[in-house]
1. Mind checking the angle between helix 2-11 and the chain's longest principal axis? C-alpha axes, 0 to 90 degrees, to the nearest 10.
2. To test your reading of the geometry: what angle, between 0 and 90 degrees and rounded to tens, separates the Cα axis of helix 18-28 from the longest principal axis of the chain?
3. Sticking with the crude label model, points 7 Å out along Cα→Cβ, report the distance from residue 71 to residue 106 in nm, one decimal please.
4. Given (i) 16.3, 50; (ii) 16.4, 53; (iii) 13.9, 38 as candidate values of Rg and Dmax of the Cα atoms in Å, which corresponds to the one derived from the coordinates?
5. Output the pairs from 57/87; 63/91; 57/127; 70/127 with a Cα-Cα distance over 27 Å in this structure; if there are none, say none.
6. Once you sort the root eigenvalues of the Cα gyration tensor of the stretch 1-73 as a ≥ b ≥ c, which label holds: rounded (a/c under 1.5), prolate (a/b larger than b/c) or oblate (the other case)?
7. Tell me the mean residue ellipticity at 222 nm calculated for the chain from its helices only (DSSP H runs of n ≥ 4, each -39500 (n - 2.57), averaged over every residue, nearest 500).
8. Which shape class applies to the stretch 74-128: rounded if a/c is under 1.5, otherwise prolate when a/b exceeds b/c and oblate if not, where a ≥ b ≥ c are the square roots of the Cα gyration tensor eigenvalues?
Amino acid sequence: MITKYIITFFVSMVPLIELRGAIPIGTGMGVPLSHAIIISLIGNMLPVPIIFFFARKVLEWGKDKKYIGKFFTFCLEKGHKGGEKLKSKAKGGLYFALLLFVGIPVPGTGAWTGTLAASLLDMDFKKSSLATMLGVVLAAIIISVLTYFGFNILT
């Protein structure tokens, strides 16, 4: 049974999948829903500080490199453009917009993307981490309700 918990934990740390996939996968393997939620919340939030403090530095370091430079520059430019667009639309509610961005479980959103955007926008770490955490909790609630009532992305 411990293997199923470990798989659920590591799936929740995978970009794009995160807890949106980990909760249904865990419950599909027989992990109780409440355990899958807790494990997935922890696993999904664990990479947040690393992403916030180091992803931007890695992208800036790699933008001048021969093979990865174009892609890293694209990521930086896309992040800055998207961030400025989000800033202009969110006005004073940037952290609330981040919470919703992370919390609405659709492809391309989540803790990884939200944290990278917060880093590129030079947002406050504590406030953006709180918004990300609340967004992850919102996503966990939505996915848990869907999983509980039998909606499963795996079938």
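Just so you know, all these numbers are worked out from the coordinates, no wet-lab data involved. These numbers come from a predicted model, not from an experiment. Note that we place each Cβ from the backbone using ideal geometry, even for glycine, and neighbour counts take in every protein chain shown.
1. Helix 2-11 and the main axis of the chain meet at about 30 degrees.
2. 10
3. 2.6
4. Here the calculated entry is (i).
5. Violating the 27 Å Cα-Cα cut-off are 63/91; 70/127.
6. Cα axes put the stretch 1-73 in the prolate bin.
7. Value at 222 nm, helices only: -22000 deg cm²/dmol.
8. It is rounded, given that a/c, with a ≥ b ≥ c, falls under 1.5.
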